[in-house]
Amino acid sequence: MNSVNLIGRLTAAPEMSEYGKKGDKKDIAKFTLAVDRVGSEDTDFIRCTAFGKTAEFAGDYLNKGQRVGVSGHIQTGSYEDKDGNKRSSFDVIVDRITFADGKAEDKKSGKKRRRDEDDD
């Protein structure tokens, strides 16, 4: 089973982009979580990617330094860099985002958010 649950702090606001055909575009949010290792002073920096409604949520409500929980799955890949070296990639594809520091302030209305956001 490929299942991941992490709690960490965003190193920066999510980077937003779109994918899909003209007229049917969906959002992509990419961000990095700083996750402390249990029983250690070390921190891992985990790349995360969200799609669709989960990405919209990330773009609207997540900010640098915010502590969040994410659930999803690991996706690995490989590619050649500009020098022709083979590289590996490791990302968490995020299906669910939760606030780990309590209620978040809704930037648009000033209201407190009370629910987590799921993808389609």
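Within region 8-31, residues that are closer than 13 Å to Asn63 by Cβ have Cβ atoms under 6 Å from residues that are assigned to a strand (DSSP E or B) and among the β-branched types (Val, Ile, Thr) in these pairs: Thr11/Thr32, counting only partners at least 6 apart in sequence or on another chain.
Where residues in region 48-85 are among the basic types (Lys, Arg) and surrounded by fewer than 14 Cβ atoms within 10 Å (Cβ to Cβ), which of them is farthest from Lys25 (Cα to Cα)? Checked region 48-85; the qualifying residue farthest from Lys25 (Cα to Cα) is Lys82.
Is it the case that region 73-92 has a residue that's basic (Lys, Arg), in contact (Cβ under 8 Å) with a residue 24 or more places away in the chain and on the phi < 0 side of the Ramachandran plot? Looking through region 73-92, none of the residues is basic (Lys, Arg), in contact (Cβ under 8 Å) with a residue 24 or more places away in the chain and on the phi < 0 side of the Ramachandran plot.
Throughout, read-outs are computed from the coordinates displayed, never taken from laboratory work. It should be emphasised that the depicted structure is a prediction, and the values quoted were computed from it without experimental measurement. Using ideal geometry, Cβ is built from the backbone for each residue, glycine included, and neighbour counts are taken over all protein chains shown.
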